[in-house]
Amino acid sequence: MAKADYRTLPARLRMNVIGNPGVDRVDFELWSLAVSAINGCGMCLEAHEHEVSAKGIGKEAVQDVVRIASVLHAVAVTLEAEGTAAAPEAAAA
């Protein structure tokens, strides 16, 4: 949202599962960081980066997570687009 007032409000998206995700908390925060990168949510990226940094994860690892998430997302979008483009050809055959 463009209004500055919204930038000061917390996202309040912490789910109950974060309290006990069933996996190592650092791994969960790294996965959440990756999802936030794919979704393009700056507030979420900052929140998850803060959490992983506080747990000792370095800047290079954070950048790696974002890079890997971006590549996987790009591959998924490309494959989906190719599948959609191939669908009319298959229907015509």
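The values are calculated or read from the model by the stated rules, or taken from the named source; none is laboratory data. Remember, it's a predicted structure, so these values are computed and weren't measured experimentally. As a convention, Cβ positions derive from the backbone with ideal geometry for all residues, glycine included, and neighbour counts pool all protein chains shown. Heads up: the accessible areas ignore ligands, DNA and RNA and are worked out on the full protein's heavy atoms, side chains in. Shrake-Rupley method; radii C 1.70, N 1.55, O 1.52, S 1.80 Å.
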*Which net charge results when you count Lys and Arg as +1 and Asp and Glu as -1 among the other residues whose beta-carbon is under 15 Å from that of D64?*
-2
_Net charge contributed by nearby residues that have their C-beta within less than 11 Å of F28 (K/R +1, D/E -1)_ = -2
*Largest first, how would H50, H73 line up by accessible area (1.4 Å probe)?*
H50, H73
